Every structure is written in C-alpha cells, then in structure tokens.
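Visitor: One structure coming up, written as structure tokens, with questions to follow.
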Amino acid sequence: MMVAQPLPYDMGNAGDLLKHGILAEFTQWWCKTHSKSIRFIDPFGGRPWAEPPVPLVTDRVKSLRGFALFEAQPKPEMRYYGSGHIVRNAARAVGQDADVLVSDRDTMALQALIESGLSALRYPGFDPINGFSIVSTDIEADLVLIDPYAKFLKDKAPQVIPQAAKASTRMAVVLFVLNLNPRNAVGQGYAALKSDHFPNAWTMHCPKLRSTGVRGESNYEAEVLLSSSDLNANPLAIGLRAKLEKYAQKLTEVFGTHILFSAGA
Ligand SMILES: C[S@@+](CC[C@H](N)C(=O)[O-])C[C@H]1O[C@@H](n2cnc3c(N)ncnc32)[C@H](O)[C@@H]1O
C-alpha cells in the first residue's frame with residue numbers, strides 16, 4: 001500500500017468518534033429501515049485506516065460496545081478504520097452492504113483508499129481537487145460526508161453550506177466542522193449559516209478537550225451536523241434519534257466532558 005502524507009492528527013480522536021459514530025449509526029438505521037444496501041460518497045476520503053491506533057483510541061473504541069461504531073471497528077487493537085470502511089463495516093454488520101465511492105485531493109491518500117478496496121468517485125462536474133464540488137452536481141447517493149480541514153469555516157462555508165443544504169433534500173449530508181472559536185466572527189458566521197440553511201439539522205458537539213495525548217482534539221471545538229429530509233419525514237427516525245442521544249451520553253462518560261446532541265429546532 002502506498003504511504004500518504006502523515007496526518008496532523010491521530011485517527012480516532014474525539015471529533016472522529018463523533019463523526020464516525022454518527023455515520024455508523026445512520027448507516028445501520030438506514031439499511032434496516034430501507035432493507036437495502038447504502039450508497040455512500042466521501043470526497044474527502046482521508047486514509048483507509050491507522051495501524052495501529054494510539055492506545056487511548058483503542059481503549060475508547062472498546063468501551064463503545066452496544067453502538068454501531070463498535071461493530072464498524074472490528075480490530076480496535078490493530079486498526080482504526082476511516083469513514084469509508086466504517087460505513088461498509090457498519091452496513092455489513094446488519095446484513096447489508098455499502099457501495100462506497102471515495103476521492104481525495106491527495107493522490108497518495110486516494111491511491112491507498114482504492115488499494116484498500118474502496119471505489120473511485122468520478123462524476124460529471126466533480127473535481128477531485130475540490131471535494132466541495134460534489135454538492136453542486138446532481139449525483140444520486142444515500143449519504144455524503146463533507147469532511148475538509150479546519151480552514152473550511154473561514155474560506156468555504158458561506159458558499160458550500162447553502163449548496164450542501166440543497167443536496168440534503170435528496171440525500172443525507174454529514175458535515176464535519178472544526179471551530180476555533182464559536183464566539184469570534186467566523187464562529188458566529190457559522191451559527192448564522194446553520195440557522196439560515198440547516199434549521200432542522202441534528203448536531204453533536206464536542207468542546208476542546210484538555211491535552212490527552214491524542215493529537216487533534218484540544219485545539220478546536222468539533223461539531224458534526226446531520227441533515228436529511230428522511231429524519232423529519234420518517235417516523236422511524238425517532239429510533240435513530242434515541243440511539244444518538246445515548247451515544248452522546250456514552251461519549252460524555254468516555255471523554256469526561258459534556259457532549260451535546262441536538263435533534264433540530
Ligand atoms: C479529515 S481528512 C478525512 C478523513 C476521513 N473522511 C475520515 O473520516 O476518515 C480530510 C481529507 O480531505 C482532503 N482534502 C482537504 N481539502 C480538500 C479539498 N478541498 N478537496 C479534496 N480533498 C480535500 C485531505 O487531503 C484529507 O485527506
């Protein structure tokens with residue numbers, strides 16, 4: 001397998017456990033309620049896995065028994081899987097499968113993802129160098145993850161959030177946001193964009209953690225936003241909501257800090 005640029009964070013950090021927990025729970029809920037395989041697109045695919053994960057990540061994952069992410073990380077001592085494999089493992093654990101289409105502007109990262117068994121995302125109007133371009137295409141999928149680095153709020157959010165909101169009327173959108181300071185102009189700009197374009201989105205929020213030795217969880221507040229017309233229209237979504245409430249309670253225990261889950265307006 002080719003080796004991509006080293007990451008500036010440890011895979012499986014607190015923000016990852018929020019994001020990956022939501023992806024895994026949504027996938028299992030979706031596969032069960034629709035009784036079919038899920039199509040997941042990940043234009044910011046990252047790495048297929050970290051091998052081995054840092055020991056605290058292994059301990060945290062092992063404590064998640066009963067949640068979908070536990071099933072999606074079958075080898076927590078050896079490997080922490082990234083988003084594409086998590087969705088696939090979560091779907092398989094409930095007897096379905098996932099068609100996982102990935103991309104990344106880092107060509108080495110992309111090659112490692114493909115070599116790990118995932119499929120390349122190609123679509124008219126989609127530019128792999130600009131993963132955000134996926135939300136302005138008419139691609140059909142069940143779930144898309146928008147998962148860039150921290151500059152997103154400053155640079156791209158005003159343009160991308162309205163397009164992502166539009167895409168969420170035909171497929172579920174998960175957006176991962178790193179927020180340096182929710183009280184500064186950039187942080188407040190994000191709050192305004194959210195209430196204008198995603199008034200009914202579900203969110204899970206993690207404050208900055210005190211230094212734990214896991215890289216990537218002490219500098220930014222992390223928020224994961226989930227939006228899908230299914231969540232508001234499908235009465236069965238109450239089951240997913242209850243599971244995510246429990247998951248946030250579990251993460252509150254695991255991190256020793258309050259993880260806030262909100263199911264829309
Ligand atoms: C946080 S990592 C993705 C992690 C992965 N989605 C997961 O959850 O396991 C972000 C990835 O997005 C890629 N990336 C950042 N900005 C991008 C852009 N504008 N277009 C395409 N890829 C981008 C980076 O190369 C990096 O590999």
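The values are calculated or read from the model by the stated rules, or taken from the named source; none is laboratory data. All values derive from a computational prediction rather than experimental measurement. All Cβ positions, glycine included, derive from the backbone under ideal geometry; neighbour counts span all protein chains shown.
Visitor: List, please: which pairs have Cβ atoms under 7 Å, are six or more places apart or on different chains, and start with a residue in the stretch 111-134 that is in contact (Cβ under 8 Å) with a residue 12 or more places away in the chain and within 19 Å of G82 (Cβ to Cβ) and end with one that is polar (S, T, N, Q) and outside any helix (DSSP H, G or I)?
Guide: Close Cβ pairs (under 7 Å, with a partner that is polar (S, T, N, Q) and outside any helix (DSSP H, G or I)) amount to A120/S103; L121/S103; P128/S103; G131/S103.
Visitor: If you don't mind, another one. Filter the stretch 135-154 for residues that are touching a residue at least 60 places away in the same chain (Cβ under 8 Å) and more than 24 Å from Y9 (Cβ to Cβ); which is surrounded by the fewest Cβ atoms within 10 Å (Cβ to Cβ)?
Guide: Within the stretch 135-154, the match that is surrounded by the fewest Cβ atoms within 10 Å (Cβ to Cβ) is E140.
Visitor: Separate question: Filter the helices (runs of 4 or more DSSP H) completely within the stretch 14-116 down to those with at least 3 residues that are more than 12 Å from the ligand (Cβ to nearest atom) and small (G, A, S).
Guide: 83-93
Visitor: Okay, moving on. Only one of P48, P8 is touching a residue at least 40 places away in the same chain (Cβ under 8 Å), crowded, with 22+ Cβ neighbours inside 10 Å and either among the small types (G, A, S) or more than 18 Å from W202 (Cα to Cα) (or both); which? Outline the logic, then answer.
Guide: Details: P8 fails: crowded, with 22+ Cβ neighbours inside 10 Å.
Only one candidate qualifies: P48.
Visitor: Take P43 and decide whether it is at pLDDT 95 or above and surrounded by fewer than 21 Cβ atoms within 10 Å (Cβ to Cβ).
Guide: Considered against the rule, which asks whether it is at pLDDT 95 or above and surrounded by fewer than 21 Cβ atoms within 10 Å (Cβ to Cβ), P43 comes out as no.
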